[in-house]
């Protein structure tokens with residue numbers, strides 16, 4: 001007996017929830033970045049599960065696109081984090097408040 | 001009882017196959033260590049180890065005993081969990097690719113019905129590969145790229161500045177050379193039309209060249225150079241440069257944990273040797289062997305297996321030879337070479353291959 | 001049966017790793033947990049008959065993106081996070097958001113369970129490399145091209161973001177800019193700051 005589509009969706013939803021709460025709770029830019037990656041992965045899981053249950057290749061292609069976007073995001077995001085660290089010797093997002101006053 | 005045996009039979013077969021493959025690979029690796037010391041000795045005009053057993057053939061076992069009985073030092077300020085995790089990650093990721101190696105051609109001529117309880121029914125062939133998966137090339141590339149965590153985490157958790165430098169260098173080097181390695185394989189994948197390792201061997205047999213090294217000589221050279229960097233071997237052994245970093249990422253490791261890193265390095269050498277053999281030298285294929293033995297018979301498979309191991313051993317010897325010959329690169333030279341020479345060359349090779357394959361097919 | 005056991009094994013591992021990712025303050029521990037999630041998800045993809053996506057998941061996420069993250073953590077030599085000082089209402093907000101999403105998840109679970117059972121379409125060729133490649137370069141060519149352009153932009157953006165100008169060059173840029181604005185007073189201030 002195979003796990004049903006609902007099981008995969010539930011797993012994906014739980015992972016997405018953990019990622020979304022993590023983004024709010026983390027104060028470190030790298031931690032937030034990793035939580036966003038977790039959310040993207042949760043979405044990928046639904047794509048693959050639907051692709052399997054409807055025997056359609058489109059879902060897997062979308063996973064591929066999401067992965068490319070995640071790679072681009074990693075390159076730019078880590079660049080921003082390093083540039084920020086050079087300026088303020090911290091990657092705490094609460095320190096990024098130069099425009100506040 | 002009989003039905004239980006029937007259910008368990010595939011698992012037993014896989015367990016035996018795994019045991020044989022791992023044991024064989026680990027024995028070859030153990031003797032690579034001995035061969036390295038012997039060959040380096042000859043290159044440098046020394047004798048090499050010759051005390052344990054005749055010509056030192058028992059040296060690997062003596063080394064293993066030494067590693068087991070040494071004191072296991074753990075640095076006081078290290079991050080314990082990561083410190084213990086790192087060598088396991090390194091060795092696990094080194095050993096995992098073994099399951100997709102195409103050791104030889106499938107044996108098809110044996111009649112398996114002599115097995116009791118009708119276990120042999122329905123078995124038409126005995127492949128000399130443990131897992132035939134559709135994406136073998138990607139699997140090997142992926143697993144070896146995960147192996148870098150062993151080194152990076154070891155460098156970070158030891159709480160030593162030399163180790164940290166080694167870990168940093170290693171991750172930078174891996175990322176840089178993985179690109180060139182992947183791009184150099186693309187040409188072969190396009191000519192073969194598949195990502196399956198056995199499929200690539202069959203594509204080479206059916207191609208007019210027999211070995212893909214002939215149309216893909218540039219790809220082969222790039223793959224070989226990148227493989228040296230991926231396995232942290234001379235001339236790219238910057239993560240563990242003894243003379244500047246005091247053995248780099250494994251400075252703080254001793255006894256069996258050091259042995260795990262040591263084994264992982266040699267198993268990785270074996271893996272890239274297998275990959276260069278399969279992708280460029282036709283794997284287990286021996287030209288003209290099908291005229292002597294029947295294809296699919298046991299002697300055919302055994303001779304092919306011997307040819308496969310022989311080709312792999314040639315690459316292992318080549319590694320040792322280079323180690324005895326070349327000096328180490330400087331880090332900026334390494335980066336410039338990887339990004340400004342190797343990667344553009346690999347991409348150019350890919351583009352030329354695309355054009356040629358397109359015009360051949362149309 | 002076997003696939004059920006495998007699913008619950010890997011799902012449990014993925015959830016445990018995800019919780020540990022949020023729980024740990026040390027960024028390196030978070031990174032290791034995230035790698036655990038990726039590997040567990042890749043195993044689930046294999047059970048979903050998508051070997052290509054599984055291999056690519058390991059190759060791109062675990063092998064490239066997370067290596068970069070670990071590299072940055074080691075390069076910046078980050079310590080643990082400082083104790084939390086952020087505004088309290090943000091935590092209430094986060095907890096509320098999590099709760100809503102969780103309820104939504106269980107609603108989806110319930111709804112899909114109640115829906116007429118969809119039979120698994122056991123078409124094993126969907127996940128194969130060949131079918132993905134054919135779809136990618138015929139029907140979905142435009143998205144692939146767009147993603148290619150996006151990646152190029154990311155490369156250029158990454159290089160420009162982390163490029164450090166030489167001090168002489170930097171001074172030249174600032175001088176030019178300030179001359180253009182013709183503000184002598186501010187110019188001196190900037191020079192002192194440099």
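Read-outs throughout are calculated quantities, based only on the coordinates presented, and are distinct from any laboratory measurement. This is a predicted model, so every value here is computed, not measured. So basically every Cβ, Gly included, is an ideal-geometry build from the backbone, and we count neighbours across all protein chains shown.
Return the distance in nm (one decimal) between the two label points of a simple spin-label model at residue C:89 and residue B:13, each offset 7 Å from Cα along Cα→Cβ.
Reported label-point gap for residue C:89 and residue B:13 is 6.7 nm.
Could you list A:58, B:129, B:231 so that the one with the fewest beta carbons within 10 Å of its beta carbon is first and the one with the most is last?
Details: A:58 15, B:129 20, B:231 23.
By the 10 Å Cβ count, ascending, the order reads A:58, B:129, B:231.
How would you classify region A:1-90 from its alpha-carbon gyration tensor, with a ≥ b ≥ c the square roots of the eigenvalues: rounded for a/c under 1.5, else prolate if a/b is greater than b/c, otherwise oblate?
On the way: a/c = 5.82, a/b = 1.95, b/c = 2.99.
Cα axes put region A:1-90 in the oblate bin.
Sort region C:1-122 into rounded, prolate or oblate with this rule: let a ≥ b ≥ c be the square roots of the eigenvalues of the Cα gyration tensor; rounded if a/c is under 1.5, and if a/c is not under 1.5, prolate when a/b is larger than b/c, oblate otherwise.
oblate
Choose one answer from A:20, A:72, A:49: the residue with the largest mean-square fluctuation in a GNM of chain A with alpha-carbon springs under 10 Å.
Fluctuation is largest for A:72.
At a temperature of 20 °C and a viscosity of 1.002 mPa s, determine how fast region B:190-314 diffuses translationally according to Stokes-Einstein, using the Kirkwood radius over alpha-carbon pairs as Rh; express D in µm²/s, rounded to the nearest whole number.
Working: Rh = 16.6 Å.
In µm²/s, the coefficient rounds to 129.
Considering every residue in C:145-158, what mean count of other chain Cβ atoms within 10 Å of its Cβ is obtained?
Numbers: counts 0, 2, 8, 1, 0, 6, 5, 1, 3, 10, 3, 2, 5, 9.
Taking all residues of C:145-158 together, the mean is 4.
Running a GNM on chain B with Cα contacts under 10 Å, which residue among B:148, B:135, B:29 ends up with the highest mean-square fluctuation?
Among B:148, B:135, B:29, the largest mean-square fluctuation in the Gaussian network model of chain B belongs to B:135.
Relative contact order of chain B, please, whole-number percent, based on alpha carbon pairs below 8 angstrom and at least 6 residues apart.
Details: 504 pairs, mean separation 82.7, N = 362.
The value is 23 percent.
What are the equivalent ellipsoid semi-axes of the protein assembly as shown, built from the alpha-carbon gyration tensor (square roots of five times its eigenvalues), in whole angstrom, biggest first?
Details: eigenvalues 357, 232, 141 Å².
Computed over the protein assembly as shown, the values are 42, 34, 27 Å.
Cut-off is 10 Å between beta-carbons; in what order do B:250, C:24 appear when sorted fewest neighbours first? Please list the in-between numbers first.
Details: B:250 26, C:24 17.
Fewest-to-most ranking of B:250, C:24: C:24, B:250.
Over chain A, what is the relative contact order in whole percent, taking alpha-carbon pairs under 8 Å and six or more residues apart? Write out the running numbers ahead of the final one.
Details: 77 pairs, mean separation 27.2, N = 101.
Value for chain A: 27 percent.
For region B:1-128, what is the per residue volume of the convex hull drawn over the alpha-carbon atoms, in cubic angstrom? Numbers along the way, then the final one.
On the way: hull volume 29.1 nm³, N = 128.
That works out to 227 Å³ per residue.
Pick out which of B:271, B:32, B:113 has the largest mean-square fluctuation in a Gaussian network model of chain B, springs linking Cα atoms closer than 10 Å.
Largest GNM mean-square fluctuation: B:113.
Reported to two decimal places, what Rg/Rh ratio describes region B:102-185 when computed on Cα atoms with Rh from the Kirkwood expression?
On the way: Rg = 21.6 Å, Rh = 16.6 Å.
With Rh from the inverse mean 1/r over Cα pairs, Rg/Rh is 1.30.
Over 19 Å, how big is the tail of the calculated P(r) for region A:39-101, in percent of all Cα pairs? Each step should come with its number before you reach the end.
Numbers: 1024 of 1953 pairs.
Here the tail beyond 19 Å accounts for 52 percent of pairs.
When you look at the Cβ of every residue in C:12-21, what mean number of other chain Cβ atoms sits within 10 Å?
Working: counts 1, 0, 9, 4, 0, 3, 11, 3, 0, 9.
Across C:12-21, the average partner-chain Cβ count within 10 Å equals 4.
Based on the Cα atoms of region B:70-361, what semi-axes does the equivalent ellipsoid have, where each is the square root of 5 times one gyration tensor eigenvalue, given in whole Å with the largest first?
On the way: eigenvalues 268, 130, 47 Å².
Largest first, region B:70-361 gives 37, 25, 15 Å.
Output needed for region A:1-44: three equivalent-ellipsoid semi-axes, defined as square roots of 5 times the C-alpha gyration tensor eigenvalues, in descending order, whole Å. Can you show the working numbers first?
On the way: eigenvalues 129, 15, 6 Å².
So the equivalent ellipsoid measures 25, 9, 5 Å along its semi-axes.
Just counting partner chain Cβ atoms within 10 Å, what average do the residues of peptide C:130-142 show around their Cβ? Show your work: numbers first, answer last.
Working: counts 4, 2, 5, 2, 1, 6, 5, 0, 0, 3, 6, 0, 0.
Average neighbour count from other chains, rounded to a whole number: 3.
Using the count of nearby Cβ atoms within 10 Å as a rough guide to exposure, how do A:8, C:8 rank from fewest to most?
Values: A:8 22, C:8 13.
By the 10 Å Cβ count, ascending: C:8, A:8.
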